[in-house]
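Working notes for the structure below.
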Amino acid sequence: MNDKSVLWGFKWCTKKNPCRVRLICADRKNPIVPEGYGTARIPANNAEGHVPIKCYYTPDIPNFILSPNSFKPLLGKHYNGCTLECDDDKKTFQFTVNHNKRKSGSLLLLGSTRGGLCYTRSAVPPMPTTEGTAKMSLDAADKAAISMVEDHPKNSHQHELKLHALSAKAER
């Protein structure tokens, strides 16, 4: 993914915190080492309107490439696989992340297909951090419901998963 502006809680990889992930392109040449990571909010049919997926910043790869395994942390121990259904006539797809106890706990992503590939709607980018929000703690931002609109300097992928879990509980 080569646009870090759509990643929430973006963090650069450093010598002290190096990236241990290596991405292999289709040409099977040299692996690509991500330069940073953050959370992409992928549009979904749930109360939040999106699901948080950890994504790596790689200037050499122009798009999001999602693995079905990326969705496992969203349901944790309740993850029970996933299902992809494509409608060739309508050129659409439905990707379901299955909850092992309740169908209502499953996640649904919809999109279009082109050339045999599945595309979601655009990711939900964060708004720029303002001077006022930069000084807030994450808890204060959560209480003010700002974290759903603006990114926060102390945001992290784990924080996004926590927000998703809380929203899913409130939905029930």
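Any read-out appearing in this document is the output of simple, stated calculations on the displayed coordinates, not a laboratory observation. Owing to the predicted nature of the structure, the values given are computational and were not obtained by experimental measurement. Don't worry about glycine lacking a Cβ; one is built from the backbone with ideal geometry, like all the others, and counts go over all protein chains shown.
In a DSSP loop and with at most 14 other Cβ atoms within 10 Å, the trypsin sites (Lys or Arg not before Pro) in the stretch 1-87 are LYS15, LYS16, ARG20, ARG22, ARG28, LYS29. Ignoring solvent entirely, what values of log10 I(q)/I(0) come out of the Debye formula for the stretch 1-129 at 0.21 Å⁻¹ when each Cα is a single scatterer? Cα-only, vacuum Debye calculation for the stretch 1-129: -1.32.
For the cross-link pairs LYS29/LYS91; LYS15/LYS54; LYS4/LYS54; LYS77/LYS103, which exceed 23 Å when the distance is taken from alpha carbon to alpha carbon? Listed pairs above 23 Å: LYS29/LYS91.
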